[in-house]
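Here's the structure we're looking at; comments come further down.
Any read-out appearing in this document is the output of simple, stated calculations on the displayed coordinates, not a laboratory observation. Everything quoted here is computed from the prediction, not taken from an experiment. Counting neighbours? That spans all protein chains shown, and the Cβs are built from the backbone with ideal geometry, glycine included.
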Amino acid sequence: MKPLTLGYSPCPNDTFIFYALIHGRVDTDALKFKEILLDVETLNQKALNTELDLTKISYHAFGHLRDKYLLLRAGGALGKGCGPLVVAKHDYTMQELRKKKIAIPGKLTTAFLLLQLFDPMFLTHNSKLRTQNSVFIEMPFHKIMDAVAREEVDAGLIIHESRFTYPSYGLKQVLDLGEWWEKATGLPIPLGCIIAKQSLGEGMNKNINALIRQSVEYAFKNRSEPTDYIKKNSQELSDEVINRHIDLYVNDYSLDIGPYGEKAVIELLSRAEDAGIIPKAKFQY
């Protein structure tokens, strides 16, 4: 059997999760995996074209793919206190940003979905990524803070480790979208998930899910072993930021989404459906 293509980001949480699976620390029997490391929005786009057998993806993007892929229970990113932030160089309110230029890490990211759910004035219904007043500029997540600091845009929607480093760019938090979500729903934030092609079959996908869970368990038990692999692929982050990143985004939900996580995902996708952002559909594990 040819290797299964497995897409995930070079961010510390993903390289931590998949280290054991990719480096032979988990017995995969006859299964082989080909790692493809790309930023999450590129993975979102590849999944839309069904280019990958398995991939990390934003929950927002998964909302458009429920007819082609199923959601695996392990390897995802859910939690509390880990949501995307809106940051700016100047003291803006969210209402003032309705008329400004905002950098986003991708139109299919969960971060952008949360922004639109937070304020319907940010809803877009065309490929130009603009409302009546606001303009959204897509760029790789690690370039957003520079763009805001140089005032190429008025504000930025930041994700991943940027939530730890934005003050060093002279930026201020305008809104914590994760905090808003948690207060509004009482649920954890579903950020990213691992999906698999339905065509692989139920038995194969259950086996893959079990292997991903084993990979997470191995990383938890051998915390320092993946360090070189993580540093090789990260944005030259300090040990402190890498560890904070992993602690925040890899947790019990990464082992299994669980009933509470399921409830959060259903709530997020239901709200997105009601807002007309994603098509109505069912999803399966």
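Going by neighbour counts of Cβ atoms within 10 Å, the residues Thr50, Thr42 line up, fewest first, as Thr50, Thr42. Calculated mean residue ellipticity at 222 nm for the chain: -11500 deg cm²/dmol, from DSSP H runs with n ≥ 4 weighted as -39500 (n - 2.57), summed, divided by the residue count and rounded to 500.
Each of Arg223, Arg213 has some number of other Cβ atoms within 10 Å of its Cβ, and from fewest to most they run Arg223, Arg213.
For segment 85-185, the antiparallel share of DSSP beta bridges with both residues in that region comes to about 60%. Counting only lysines at least 8 places from Lys221 when in the same chain, those with an alpha carbon closer than 25 Å to its own are Lys32, Lys34, Lys56, Lys80, Lys206, Lys231, Lys232. The relative contact order of segment 133-285 comes to 22 percent, based on Cα pairs under 8 Å that sit 6 or more residues apart. Taking a straight Cα-Cα cut-off under 18 Å and skipping sequence neighbours fewer than 8 places away in the same chain, the aspartates and glutamates within cross-link reach of Lys280 are Asp67, Glu262, Glu267. For the set Lys89/Lys183; Lys46/Lys107; Lys68/Lys263, the pairs lying more than 20 angstrom apart at their alpha carbons are Lys89/Lys183; Lys68/Lys263.
Model label sites at Thr28 and Asn243, defined 7 Å from Cα along the beta-carbon direction, differ in position by 3.0 nm. Pairs of C-alpha atoms in the chain farther apart than 36 Å represent 12 percent of all such pairs.
Quick one: Cα centre-to-centre distance for segment 212-238 and segment 143-158, in angstrom? What the calculation gives is 29 Å, centre to centre. Taking the DSSP beta bridges with both ends in the chain, the antiparallel portion is around 60 percent. Over segment 85-185, the Kirkwood radius and the radius of gyration, each from Cα atoms, give a ratio Rg/Rh of 0.92. Pair-distance distribution P(r) for segment 161-285, from all Cα-Cα distances in 10 Å bins starting at 0: 10, 30, 34, 23, 3, 0 percent.
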